[in-house]
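> Before I ask anything, let me first share the structure, which is written out below as structure tokens.
Please treat every number below as a calculation from the coordinates, not as lab data. For clarity, every value in this text was computed on a predicted model and none was experimentally measured. Virtual Cβ from ideal backbone geometry, glycine too; neighbours counted across all protein chains shown.
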Amino acid sequence: MSGKLLELLRALPKPARFLLAGGGAAGINWLARFPLSWFLPFFVAVLGAAVIGMLVGFVLYRGFVFPGSERPLLLQARDFFAVNLLSSGVVALLALAFLRLAVLSGLGLQWAEALAHAAAIGLGAALNYFGHNLFTFGPRNRAARV
């Protein structure tokens, strides 16, 4: 990525950078589910794709959205994965609920799975932003977080 583009992106407000980085991680999460679904059930494929998206997301969020965090790397990683495990569970359950609705609406199974997973990822993004802003990359002092 060119230096000027990186400067422009870093000048964006934190929520915008979060959406860009999270969108990239979510895109990888969403795309990873397709090959995983070739040999795993839908629910397990959604969870596996979430792990892949988490790894990408940690690198992007840490370097691009929250680069000035004073918290130690291991604590950031621990809290990042805790927040993401919680949101991944919510996303997987939402995906199942949305899948049921999409199938009932008459969509084919492949389209229904793709749309259900995408909608659930979108809702999980809001939960992630607040969790990462407050816990993962927030101030060291918990009292300063609120």
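> Which one of LEU75, GLY48, ASN29 has its Cα pushed farthest toward the positive end of the charge dipole of the range 14-145, where Lys and Arg give +1 and Asp and Glu give -1 at the Cβ?
Projecting each Cα onto the dipole axis, the largest value belongs to LEU75.
> Using the Karplus curve 6.51 cos²θ - 1.76 cosθ + 1.60 with θ = phi - 60°, what ³J(HN,Hα) values do you get for each residue of the range 73-84, in whole Hz, with x for Gly and Pro?
3, 5, 5, 4, 4, 4, 5, 4, 6, 5, 4, 6
> For PHE81 and VAL44, calculate 0.36 nm times their separation in residues minus their Cα-Cα distance, and state this gained length in nm to one decimal.
Extra length from PHE81 to VAL44 when fully extended: 11.6 nm.
> Shifting gears a bit: Counting other C-beta atoms within 10 Å, and keeping those with at most 16, which DSSP coil chymotrypsin sites (Phe, Trp or Tyr not before Pro) do you find in the range 17-107?
Hits after loop and neighbour filter: TRP38, PHE39.
> For the chain, what is the calculated [θ] at 222 nm in deg cm²/dmol (nearest 500), taking -39500 (n - 2.57) for each run of four or more DSSP H residues and dividing by its residue count?
Helices in the chain give a 222 nm mean residue ellipticity of -25500 deg cm²/dmol.
> Computed from these coordinates, which is Rg and Dmax of the Cα atoms in Å: (1) 16.4, 51; (2) 22.2, 70; (3) 20.8, 65?
Correct label is (1).
> If the only charges are +1 at each Lys and Arg Cβ and -1 at each Asp and Glu Cβ, what is the size of the charge dipole of the chain around the Cα centre, to the nearest 20 debye?
420
> Mind checking the range 8-80 for trypsin sites (Lys or Arg not before Pro) that DSSP puts in a loop (not H, G, I, E or B) and that have at most 12 other Cβ atoms within 10 Å?
Counting only loop positions with at most 12 other Cβ atoms within 10 Å, none of the trypsin sites (Lys or Arg not before Pro) in the range 8-80 qualifies.
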